[in-house]
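All of the numbers you see were taken from the coordinates with simple rules; none came from a lab. Every value quoted in this text rests on a predicted model; they were computed, and no experiment measured them. As a convention, Cβ positions derive from the backbone with ideal geometry for all residues, glycine included, and neighbour counts pool all protein chains shown.
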Amino acid sequence: MLLDTTAAHTVCRLRFVSVVILCGSEKFVRDFMLTAHQLHMTDGQYVYVVADQVPPRNVRTPWVAGDNQDETARVAFQSVLQVCAVQCPIYSKRCD
């Protein structure tokens, strides 16, 4: 797979930080992580925090797209901390 030059440029600019916060579509996050992996930036030196208002469609395996990059994406996503802001039913009740 060829690197997306825009994504590669963005990822390379992050070499001087250790925590990266990502907000974007599932495709964007997956492509970003694949690029980071190709640049050897998923070896544990960096942590990627993905912040979403809702969980991804496939919350247990957000790296799966059904293509030949799924295994590489799975390895890359080992550096991802997924944070979702969802309303939990037990906390939505008012305490009187």
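Roughly what would the spin-label model give for I21 and E71, points 7 Å off Cα along C-beta, in nm? Rounded to a tenth, the inter-label distance reads 3.6 nm.
Per-residue packing, averaged as other Cβ atoms within 10 Å, sorts the ranges 33-43, 53-63, 75-85 into the order 33-43, 75-85, 53-63, beginning with the highest.
For segment 19-36, the residues whose backbone nitrogen is under 11 Å from a point 7 Å from the Cα of V49, taken along Cα to Cβ, are 19-22. In a fully extended conformation the segment linking H40 and R60 would gain 4.8 nm over its present Cα-Cα distance, using 0.36 nm per residue.
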